[in-house]
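Let me begin by presenting the structure, written as structure tokens, before commenting on it.
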Amino acid sequence: MGAFKKYTVARAKDLDLVAYLAGLGFVPSERHSRGKYYAFISPFRPGEHTPSFKIEKGTNHWVDFGKADGKTNGNIIDFGVSYFNCTVTEFLGNLNNNLALPQVIHSTPPKQKEVLKVLTSRPLKNKNLLTYLAGRAIAKNVAEAWCKEVDYILYKRTYTAIGFRNDQGGWDLRNPVNKHASVPKHFRSILPGGARTIHVFEGFMDFLSFLSVPTFRAREPMAYLVLNSVHLFERAIPIMDGYETVKLYLDHDDTGRKITQQAIILGSKYQDQSKLYSGYKDMNEYLVSLKNSQRQNLRQPL
């Protein structure tokens, strides 16, 4: 596989927007996609019943007929800036850090039948996936306890990935080169009885990283919430409201910091725990650095 060229504004505009949305867990409605448009339940309002978000076939141009605040139409750059509430530079950085993006340039949007479909799941045993997790410093027993090995098909190609299932049966999927999600996109909650504190993570790799550090885990029952997207935070507030303390382990980026600050305004029970990995992008980056330092120390002469 050749090296990926960095995305500029011009190159990003050529990305297949329907394929990009599929990677975020949004698929076109077969019933409502007629004529020259593909129709979606709006990514900005995932709870709506009638699709109001449309993409014009072959142009990558989108229109959101139900959006009253901010940008209501445009190209993939306009969508990304509005959806992630970030700058153009930040969105391009997101594209360049995400090898999962469909590398489809100047394409015709795919048909409904080509959207991501999960084929089967089984216990996590694939050596390549376990090697990948080891490289991310994730403990093998932790990954095997919380994840599955999932086969899925997307645009007529079959993939195998580490799968983390959410509360509504959808999957977040990860392998060394791909990062996808099936619908419905939702959070995952682990809520044992007796827990007074809930630990909130942005993605499942951060959750697995936390569990891979024995000193982070307490003996009393611990509740966990894996958002799978910070944009599901507001939807998960009713769950967090049921706990005395809410510890937040979100990314050290503009979006993560913004959500954390908004949560703290809700009340003192919301606590920013990102100081645990100060100087690192997220919990996993911290864990990888920690493991690398430990290995280097072991190699030091006595």
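The values are calculated or read from the model by the stated rules, or taken from the named source; none is laboratory data. Here the structure is a predicted model, which is why all the values come from computation and not from measurement. Glycine also receives a Cβ, built like all others from the backbone with ideal geometry; neighbour counts cover every protein chain displayed.
Here are some notes:
Let's see how each residue does on (1) over 25 Å from residue 46 (Cα atoms); (2) in the same structural domain as residue 142 (by TED's automatic domain parsing); (3) among the β-branched types (Val, Ile, Thr); (4) surrounded by fewer than 18 Cβ atoms within 10 Å (Cβ to Cβ):
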| site | (1), (2), (3), (4) |
| --- | --- |
| 170 | no, yes, no, no |
| 173 | no, yes, no, no |
| 241 | no, no, no, yes |
| 246 | no, no, yes, no |
| 249 | no, no, no, no |
| 265 | no, no, yes, yes |
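- Pair list, Cβ under 7 Å, 6 or more apart: the range 34-59 residue in contact (Cβ under 8 Å) with a residue 60 or more places away in the chain and more than 19 Å from residue 231 (Cβ to Cβ), other residue of a type in the set (Val, Ile, Thr) and not in a loop (DSSP other than H, G, I, E, B): 38/18; 38/55
- There is no residue in the range 193-206 that is among the aromatic types (Phe, Trp, Tyr), closer than 17 Å to residue 283 by Cα and over 15 Å from the mean Cα position of the chain (by Cα).
- Flag if residue 77 is in a helix (DSSP H, G or I), buried (at least 16 other Cβ atoms within 10 Å of the Cβ) and among the β-branched types (Val, Ile, Thr): yes
- Yes/no for residue 180 being assigned to a strand (DSSP E or B), surrounded by 15 or more Cβ atoms within 10 Å (Cβ to Cβ) and at pLDDT below 95: yes
Yes or no, residue by residue, for (1) under 22 Å from the mean Cα position of the chain (by Cα); (2) under 15 Å from residue 73 (Cβ atoms); (3) in a loop (DSSP other than H, G, I, E, B):
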| position | (1), (2), (3) |
| --- | --- |
| 20 | yes, no, no |
| 23 | yes, no, no |
| 28 | yes, no, yes |
| 32 | no, no, yes |
| 35 | no, no, yes |
| 38 | no, yes, no |
| 44 | yes, yes, yes |
| 49 | no, no, yes |
| 54 | no, yes, no |
